[in-house]
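Encoded as structure tokens, the structure appears first; notes follow it.
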Amino acid sequence: MGNRKLLCGRCREELKKEIVDFQYLSFAFHTEVLRCPKCGQVFIDEDLVEGKMHETEMVMEDK
Amino acid sequence: MKRMFFPGCQLGGSDPEYVTGLYDLLLSLDGSTGIGIGCCGAPAEWAGDREKFLEIRDGIRDLWRKQEQPEIILACPYCYKNFRENMQEIPVKMYFELVEIRLRKHITGTAAVYDPCAMRRFPEIRNRVRRLLEAENISLEELKYSGAKAQCCSWGGHAYTVNPNFVKTQVAEQIAMDENPYITYCINCTDIFRAKGKKVCYLGDLVLGRDTESRNIPTVSNRRENRRKLRRMLVDQYHIADNSPAGCGDRFFLHMSDALKKKLTERLILEEDVIQVIEEAERSGKYIIDVENGHRFAHRKISHMTYWAEYTMDESGGCTLYNAYSHRMMIVNEDKKSWETENSSAEDAGKS
Ligand SMILES: [Zn+2]
């Protein structure tokens, strides 16, 4: 997953790492993901979804 | 637009290339010719659903008026009957009535023209077909039931749903009227007779220079897939605006492995949702490309879920799905413009 080259389909720019904010219910967190430097389109891979994001979602729902 | 091609619902269902082939031909005669795909309403009328029928008819009338009342060029005899009887203000022609139309494929031997039932009241169309064939080196036979006494091939009236036994005997009687091949000019007669092993030569193939016998006979699911494929071909090859309403069901086909199907079921990800993600991505161009394998990644928030699809578009107008996943967390300010504005205003606030 680490070194693959991803391009934004709209801008043809290579995605770069950037901190992005996420929100769920009243909870917010930010993490580094790949993002188009021009238009801001974000890429989230399944590892992040299955890991940190789902963990956070579960915690929030248990509250 | 002086002319608009309205191929009806079954021609493209049988083979999208009939529609694009005939449309190319019409465009070569008049480059401003438009195209509208859809149903003429006949199946609703057969089903006794008058309301639906009137709704479809009014939709066609509206489209015709909006397009500045072009002459409508038809390919299906039943559309022709329907337009002539129920939309009399709209000028229509069968495509092969245009004087420029010639046969590009030639046949020899003995054959019989099979008039479709919809043509009983339209001798001028029946005669036009025979005139086109006159120049050919064939001897034409007239069937016992043709012209004003033309029979139904068994397609009409939804007989196959209501009475499959009737369909069986009806087809058998029709193809037994003459041992020689039939020349047909309705795609439904064509496909129905061919499915029962009758040698048939479809006028559309003669006009396009194709061989009817070399075509696959479409199954019911093929027809649906073919219509989706046609829609994509029209959008991609002719850059025709896709005005079909969202969720009209005429969507592309998703191919995926059984393992992925199972995963989607387990994660409660509907194929419908995945299709929405991909449709939106393809419409807007908002997707990410993996340079190594050409896979596209797209996401879309539907209700409170964000769905991701990893896919490629196929030549056939379908789409191959490699992975899909979803999350409830929302991405904040993905659109860079608003994101930048917010960041800079935060910076400004910090400075002051
Ligand atoms: Zn971009």
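Any residue in segment A:17-35 that is within 15 Å of the ligand (Cβ to nearest atom) and outside any strand (DSSP E or B)? Among the residues of segment A:17-35, not one is within 15 Å of the ligand (Cβ to nearest atom) and outside any strand (DSSP E or B), which makes the answer no.
If I filter segment A:37-46 for residues that are part of a strand (DSSP E or B) and either open to solvent by 80 Å² or more (accessible area, probe 1.4 Å) or facing chain B (nearest Cβ under 8 Å) (or both), do I get at least one hit?
Checked segment A:37-46: at least one residue is part of a strand (DSSP E or B) and either open to solvent by 80 Å² or more (accessible area, probe 1.4 Å) or facing chain B (nearest Cβ under 8 Å) (or both).
Test A:Gln41 against the criterion of being within 14 Å of the ligand (Cβ to nearest atom) and among the polar types (S, T, N, Q), and give yes or no. It is true that A:Gln41 is within 14 Å of the ligand (Cβ to nearest atom) and among the polar types (S, T, N, Q).
Of all residues in segment A:1-13 being at the interface with another protein chain (Cβ under 9 Å from one of its Cβ atoms) and open to solvent by less than 40 Å² (accessible area, probe 1.4 Å), which is farthest from the ligand (Cβ to nearest atom)? Filtering segment A:1-13 for residues that are at the interface with another protein chain (Cβ under 9 Å from one of its Cβ atoms) and open to solvent by less than 40 Å² (accessible area, probe 1.4 Å), the one farthest from the ligand (Cβ to nearest atom) comes out as A:Leu6. Across segment B:250-293, the qualifying residues are those that are in a loop (DSSP other than H, G, I, E, B) and aliphatic (A, V, I, L, M), and the one among them that is most open to solvent (accessible area, probe 1.4 Å) is B:Leu268. If you filter segment A:14-36 down to residues that are aliphatic (A, V, I, L, M) and either facing chain B (nearest Cβ under 8 Å) or within 16 Å of B:Asp335 (Cα to Cα) (or both), you find that the one that is surrounded by the fewest Cβ atoms within 10 Å (Cβ to Cβ) is A:Ile19. Of all residues in segment B:184-196, those that are open to solvent by 70 Å² or more (accessible area, probe 1.4 Å) and either under 16 Å from B:Leu103 (Cα atoms) or free of Cβ contacts under 8 Å to residues at least 12 places away in the same chain (or both) total 0.
Could you say which residue among B:Gly59, B:Gly21, B:Gly31 is modelled with pLDDT of 95 or more and either over 13 Å from B:Cys79 (Cβ atoms) or open to solvent by 10 Å² or more (accessible area, probe 1.4 Å) (or both)? Show your work before the answer.
Details: B:Gly59 fails: modelled with pLDDT of 95 or more; B:Gly31 fails: modelled with pLDDT of 95 or more.
After applying the criteria, what remains is B:Gly21.
Looking only at residues in segment A:47-63 that are more than 22 Å from B:Ala281 (Cβ to Cβ) and open to solvent by less than 70 Å² (accessible area, probe 1.4 Å), the one that is farthest from the ligand (Cβ to nearest atom) is A:Met60. Residues in segment B:278-305 that are of a type in the set (Val, Ile, Thr) and at the interface with chain A (Cβ under 8 Å from one of its Cβ atoms): B:Ile288, B:Ile289, B:Val291.
The values are calculated or read from the model by the stated rules, or taken from the named source; none is laboratory data. Quantities reported herein were computed from a predicted structural model and do not represent experimental measurements. Neighbour counts are summed over all protein chains in view; Cβ atoms, including those assigned to glycine, are modelled from backbone coordinates with ideal geometry. For the accessible areas, the whole protein counts, side chains as well, though only heavy atoms, and no ligand, DNA or RNA atoms are used. Shrake-Rupley method; radii C 1.70, N 1.55, O 1.52, S 1.80 Å.
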